[in-house]
Amino acid sequence: MQTLVAYVENKPGVLNRVASLARRLAINIDSLTVGPTENEEIARMTIVAHTDEKGAHRLEASLEKLVDVLLAENISERSLLERDLALIKVSADQQSRPHLMELIKVFRARVIDVAPESLILEVSGTVDKIDGLLEVLRPFGVLEMARTGRIAMTRGSDLLRPPGAPPNGAETEPAVKAS
Amino acid sequence: MKLTGAEILCESLTKLGVRHIFGYPGGAILPVYDALGKSKLHHILVRHEQGATHMADGYARASGGVGVAMATSGPGATNMVTGIATAMLDSSPVVCITGQVSSKLLGSDAFQEIDITGITMPITKHNVVVSRAEDIARTVREAFVIANSGRPGPVLVDITKDAQQASCDFNWEASAPKLPPKRQRINYEPADFERAVELLNNAKRPLILAGHGIMVSGAMRVFDQFVHAGNLPVAMTLLGIGCFPASDPLNLGMMGMHGEAWVNHAIQEADLLIAVGMRFDDRVTGDLRTYAKEARKIHIEIDRSEINKNVKVDAALIGDAREVLEQLLPRLEHRERGDWLGHIRELKGDSAVRDIQGLPDNGHLYAAHVINDLWKETRGEAIVVTDVGQHQMWEAQYYHHNQPRTLVTSGGLGTMGFALPAAIGAKFAKPESDVWVVVGDGGFQMTMCELATIVQEKIKINIAIINNGFLGMVRQWQEFFYDKRYVATPLVAPDFAALANAFGIRGERITSRADVTPTIRSARESAESVLIDFRVEQEDSVYPMVPAGGALHEMIRRPDSPLVETATEP
């Protein structure tokens with residue numbers, strides 16, 4: 001599994017280009033998250049792909065050839081933090097509820113909705129942690145689940161900023177336009 | 001100044017230096033055609049939109065500038081797909097402008113509406129829909145920058161009809177391209193450069209693989225200096241032909257599936273390959289497991305995604321070929337290389353005796369004879385535009401190009417039907433040049449409708465049909481690998497000379513070698529286009545041949561030779 005970060009133009013059709021490229025290279029995307037950055041013209045993608053280092057290099061180099069992709073980088077080998085967020089609707093009757101609450105505490109999940117027959121939990125963390133919680137919830141009956149897919153960031157001074165962005169992040173000037 | 005979107009488009013194209021547009025009108029592009037009529041742009045009416053894209057492509061390849069093709073929405077746009085893909089695979093700067101239904105109808109399956117940007121996404125370098133007149137000038141300017149910068153490629157601009165019709169202020173200065181800011185990557189570390197220098201100066205059996213990138217970057221002069229400074233033999237890719245004179249003793253000729261035997265052997269025996277502006281396509285490497293096992297590799301290439309894609313290299317110098325060569329040149333040391341160059345000469349001697357030119361005149365007309373005579377008669381100075389197949393390989397083997405951009409051919413996509421329209425484009429790019437179409441009887445029948453374009457535009461092109469009554473290259477594969485079961489390859493054709501006459505073009509039919517040169521001469525002397533139907537040996541094959549996926553040094557050689565190797569199913 002390889003993790004790439006890409007900064008892209010925040011406009012229609014870009015996601016399609018990125019996804020289409022992965023399809024062409026026969027690389028299966030495990031998760032792809034995209035959202036705006038501090039600069040609303042630029043979006044950041046975290047792509048987790050089923051491929052090896054060579055495939056990730058091709059994906060990265062091919063992505064950067066797209067006009068709308070400002071930067072793409074394979075960060076798999078770097079020191080990084082990954083987070084995934086899940087909402088899980090789980091069956092909860094009077095009997096099982098206390099036991100469930102204990103598990104929720106252990107996993108540092110939060111109950112964000114309570115209904116007579118079910119609860120909705122919110123949990124964030126590494127993929128392993130969420131998978132772990134899911135595993136222990138299964139016997140209670142998982143009714144529905146939504147996951148965001150991974151977002152990732154390199155630690156400390158290892159910065160990955162869009163080209164043209166101010167180095168200290170203090171200013172809000174639009175990115176330098178290439179001619 | 002208020003102009004309509006259509007007028008802004010024509011004005012912008014004019015300001016960008018465009019003089020010719022190859023296209024076909026239709027409902028969704030009509031406002032643009034109305035504006036075209038009032039502009040100074042020369043519109044060439046094609047007979048099929050595929051032809052328009054090949055013409056723009058041929059124009060780009062012959063000139064080094066951007067070619068422009070135009071079509072209406074729906075079928076007009078979809079007919080362009082093959083031509084766009086052809087340009088993409090050969091990194092040719094083509095800008096395609098398509099009309100689109102009005103923006104309020106987008107997505108409604110309106111008459112002649114098709115999602116052409118969706119369709120062409122993987123076969124364009126970039127594409128974009130424009131639905132506001134205000135965005136037309138900037139988008140077109142950006143399209144030209146994208147098409148002809150870095151590794152060139154086709155760009156499609158799809159303009160809705162309401163954007164063509166709406167009026168807005170036209171301000172050229174304010175519509176400068178605003179492309180997204182890209183990361184400026186360091187192309188290569190000094191350590192890579194030093195390693196390349198060391199490999200270059202220590203190699204005993206070096207060989208340059210010269211590709212299309214040399215032409216694209218305009219590196220011909222520094223490349224020539226580089227080759228002679230290091231006394232380095234050169235092998236050419238098909239699209240590299242012309243970037244280094246064939247007459248130079250260090251030019252060995254073409255490599256690959258139908259490359260010269262001595263070139264392929266030299267590649268397999270080299271201890272260093274210097275790949276410049278080429279991408280180790282499967283047609284030049286053969287089986288990668290056995291490819292150039294002895295050689296270290298230096299790859300000079302502008303496209304990062306090509307590095308280590310097919311062949312793992314020891315030093316990658318990512319950048320413009322001319323800039324990289326200019327930096328390497330002062331560090332390159334001269335070597336005599338007597339043993340290595342002498343060895344290659346010996347390999348060449350072995351091949352010369354098998355050459356088809358040495359075959360006795362048995363009354364049969366061979367395609368190679370036609371090509372060779374054409375080369376001699378045009379003194380190698382013509383722009384030759386080929387189609388795809390056997391004749392294309394014979395052209396590459398027997399027409400010796402000394403000037404860049406004089407061979408125009410579809411390499412990567414291998415598009416049959418390319419030659420005739422591409423030659424029309426090349427002629428508009430180089431009106432003073434002697435332009436020859438070399439085409440098979442199969443490919444010619446795919447786009448022969450463009451003969452009418454030649455007549456309507458009153459241009460002078462010579463057409464040599466290498467007519468063997470077969471889809472020759474496929475027949476050759478059937479002969480070698482399918483036990484001569486010629487399924488769907490025998491080909492009925494019209495009387496091409498009579499067909500030419502019907503279009504108002506002089507037509508000739510040649511069946512014997514004695515008539516070849518005089519007819520070529522007379523065609524050259526004629527002020528009007530001439531089509532010559534050369535009826536050549538039907539079941540001749542292109543030799544040598546590396547079977548697809550086979551090892552580069554295991555070639556099928558021309559029969560009647562003691563060294564013929566047996567063909568096997570790949």
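Things worth noting here:
- Whether region B:2-175 is rounded, prolate or oblate, judged on the alpha carbon gyration tensor where a/c under 1.5 counts as rounded: rounded
- Global geometry of the protein assembly as shown, whether rounded, prolate or oblate, following the gyration tensor of its Cα atoms and the 1.5 cut on a/c: prolate
- Prolate/oblate/rounded call for chain A, Cα gyration tensor, a/c under 1.5 rounded: prolate
- Chain-alone versus full-assembly comparison, region B:99-122, residues with accessible loss of at least 40 Å² (1.4 Å probe): B:Met121, B:Pro122
- Too-long pairs where the Cα-Cα distance tops 22 Å, listed order kept, from B:Lys125/B:Lys182; B:Lys125/B:Lys460; B:Lys40/B:Lys430: B:Lys125/B:Lys460
- Region B:356-535 - accessible surface per residue (Å², probe 1.4 Å): 37 Å²
- Shielding by other protein chains, A:60-73, mean Cβ within 10 Å: 5
- Packing around the peptides A:76-88, B:536-548, taken as the average count of other Cβ atoms within 10 Å per residue, puts them in this order, highest first: B:536-548, A:76-88.
- Pairs of Cα atoms nearer than 8 Å and 6+ residues apart set the relative contact order; for region B:277-416 it is 15 percent.
- Theoretical gain in end-to-end length, A:Val111 to A:Arg155 [0.36 nm per residue, Cα-Cα removed]: 12.9 nm
- Förster radius 35 Å - calculated FRET efficiency between A:Asp30 and A:Arg97, Cβ distance, rounded to 0.05: 0.55
- Computed [θ] at 222 nm, deg cm²/dmol, chain B (DSSP H ≥ 4; -39,500 (n - 2.57); rounded to nearest 500): -10500 deg cm²/dmol
- Rounded to the nearest 10 degrees, the angle from helix B:49-63 to the longest Cα principal axis of chain B is 60 degrees.
- Inter-chain shielding of B:303-309 (mean C-beta neighbours from other protein chains, 10 Å cut-off): 5
- Trypsin sites (Lys or Arg not before Pro) within region B:369-457: DSSP coil, no more than 13 neighbouring Cβ in 10 Å: B:Arg379
- Of the trypsin sites (Lys or Arg not before Pro) found in region B:214-295, those that fall in a DSSP loop while having at most 11 other beta-carbon atoms within 10 Å are B:Lys293.
- Alpha carbon centroid spacing (whole Å) that separates region A:110-154 from region A:25-58: 23 Å
- The spacing between region B:222-299 and region B:116-159, judged by their C-alpha centroids, is 34 Å.
- A simple spin-label model places the labels of B:Ser103 and A:Thr37 2.8 nm from each other, with each point 7 Å out along Cα-to-Cβ.
- Taking the longest Cα principal axis of chain B as reference, the axis of helix B:367-377 is set at about 80 degrees.
- In Å², nearest 10: area of B:Asp339 left accessible to a 1.4 Å probe: 140 Å²
- When shorter helices are ignored and each DSSP H run of at least 4 residues is given -39500 (n - 2.57), the per-residue value for chain A at 222 nm works out to -7500 deg cm²/dmol.
- In this simple spin-label model, placing a label point 7 Å from the Cα along the Cα-to-Cβ direction at both B:Arg132 and B:Glu525 gives a separation of 6.3 nm.
- Relative packing of peptides B:458-470, A:31-43 - highest average C-beta neighbours within 10 Å first: B:458-470, A:31-43
- Averaged over the residues of peptide A:10-20, the number of Cβ atoms from other protein chains lying within 10 Å of each residue's Cβ is 2.
- Accessible surface of region A:1-127 [probe 1.4 Å, protein heavy atoms]: carbon and sulfur percent: 50 percent
- When each of A:Lys65/B:Lys204; A:Lys11/B:Lys161; A:Lys11/B:Lys309; B:Lys15/B:Lys458 is checked by Cα-Cα distance, pairs over 32 Å: A:Lys65/B:Lys204
- Within the accessible area of chain B (1.4 Å probe), percent carbon and sulfur: 51 percent
- Placing a pseudo-label 7 Å from each Cα along the Cα-to-Cβ vector at B:Lys40 and A:Asp128 gives an inter-label distance of 7.1 nm.
- A DSSP coil position with no more than 11 other Cβ atoms inside 10 Å describes the following trypsin sites (Lys or Arg not before Pro) in region B:468-516: B:Lys484, B:Arg485.
- Summed over both chains, the contact between B and A buries some 2100 Å² of accessible surface at a probe radius of 1.4 Å.
- Computed packing ranks the peptides B:240-246, B:186-192 as B:240-246, B:186-192, most packed first, by mean other Cβ atoms within 10 Å.
The values are calculated or read from the model by the stated rules, or taken from the named source; none is laboratory data. These numbers were taken from a predicted model, which means no experiment stands behind them. Glycine gets a Cβ as well: all are built from the backbone with ideal geometry, and neighbour counts include every protein chain shown. To get the accessible areas, we keep the full protein, side chains included, count just its heavy atoms, and leave off ligands, DNA and RNA. Shrake-Rupley method; radii C 1.70, N 1.55, O 1.52, S 1.80 Å.
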